[in-house]
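Below: the structure, in structure tokens.
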Amino acid sequence: MLAAILSLLLVQQQSALIIGSTQPPTGMTISRPIRVVLLPSQYASLWNSEVQQRLDSYWELYKPTFAERKELFLKISVLAQKEAVDLVVARMQRNSQLNIANLIIQSEPDGKFEFKRVPVGDYKIVAAGTLDRVEIMWSEALEIKSPGPVLIHLKTHVP
């Protein structure tokens with residue numbers, strides 16, 4: 001029993017609190033919760049790979065259309081990212097060593113979020129939401145080097 005308590009205290013001392021927010025595109029406001037996923041490094045790599053494979057496939061299929069209407073590629077990019085995050089989350093859910101409930105959260109209606117007890121390491125945060133009937137994705141790489149609070153403001157978004 002004492003060993004379990006000491007182990008829990010050690011994990012808490014070696015973990016971080018991520019306090020984050022999302023920045024909406026100019027002219028849009030966040031008024032509903034956003035799905036936010038914290039991807040550990042191996043799943044971040046998988047997500048990056050899956051997004052790129054999908055973009056390559058869509059590019060080959062719709063290259064003439066994208067040449068005429070470049071704005072459609074941004075919409076396809078959002079689709080590729082959403083499909084990739086769904087696939088990665090499904091794989092994460094099959095990993096019994098992950099506490100998936102701590103890695104997938106809903107933001108507050110204003111886009112603010114928190115991840116608690118995050119171990120030191122490399123991560124990617126991926127967030128998805130609908131603002132003014134437009135699908136928006138945010139993603140940001142994150143390196144946690146030491147215990148304590150980490151502040152992050154997601155600005156990189158598609159479209």
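Taken together, the values in this text are just the output of simple stated rules run on the coordinates, not laboratory data. What you are looking at is a predicted structure, and each value in this text was computed from that prediction instead of being measured. Heads up, the Cβs are rebuilt from the backbone with ideal geometry, glycines too, and the neighbour counts pull from every protein chain shown.
Working note: Karplus 6.51/-1.76/1.60 with θ = phi - 60° gives the stretch 138-146 the couplings 10, 8, 7, 6, 9, 10, 9, 9, 8 Hz, where Gly and Pro are set to x.
Peptides 99-107, 61-69, 144-152 ranked from most to least packed, by the mean per-residue count of other Cβ atoms within 10 Å: 99-107, 144-152, 61-69. Extension gain, Arg91 to Lys63: 0.36 nm times the residue separation minus the Cα-Cα distance gives 7.0 nm. Calculated FRET efficiency, Leu98 to Gln53, Cβ-Cβ distance, R0 = 22 Å: about 0.45 to the nearest 0.05. Positive contributions from Lys and Arg (+1) and negative ones from Asp and Glu (-1), summed over other residues with Cβ under 15 Å from the Cβ of Glu83, come out at +1.
What trypsin sites (Lys or Arg not before Pro) in the stretch 92-124 are in a loop by DSSP, with at most 10 other Cβ atoms within 10 Å of the Cβ?
Details: sites: Arg94, Lys112, Lys116, Arg117, Lys124; in loops: Arg94.
Within the stretch 92-124, the qualifying trypsin sites (Lys or Arg not before Pro) (loop, at most 10 other Cβ atoms within 10 Å) are Arg94.
For Lys155, the aspartates and glutamates whose Cα comes closer than 19 Å to its Cα, not counting residues fewer than 8 places off in the same chain, are Glu108, Asp110, Glu114, Asp122, Asp132, Glu135, Glu140, Glu143. Given labels modelled 7 Å from the Cα in the Cβ direction, how far is it in nm from Glu108 to Glu71? About 3.4 nm separates the two model spin labels.
The alpha-carbon atoms of the chain, seen along their principal axes, cover 66, 32, 23 angstrom, with the largest extent given first.
What the phi angles of the stretch 18-32 give under the Karplus curve with 6.51, -1.76 and 1.60, with θ = phi - 60°, is a coupling list of 9, 10, x, 8, 10, 9, x, x, 3, x, 10, 10, 8, 10, 9 Hz, glycine and proline written as x. For the stretch 127-135, the Karplus equation 6.51 cos²θ - 1.76 cosθ + 1.60, evaluated at θ = phi - 60°, returns couplings of 10, 9, x, 10, 10, 6, 6, 10, 6 Hz by residue, with Gly and Pro reported as x.
What's the exposure ranking of Asp56, Asp122, going from fewest to most Cβ atoms within 10 Å?
On the way: Asp56 11, Asp122 15.
Listed from fewest to most nearby Cβ atoms, that is Asp56, Asp122.
Kindly provide the helix-only [θ] at 222 nm of the chain, computed as the sum of -39,500 (n - 2.57) over DSSP H runs of four or more divided by all residues, to the nearest 500 deg cm²/dmol?
It lands at -13500 deg cm²/dmol.
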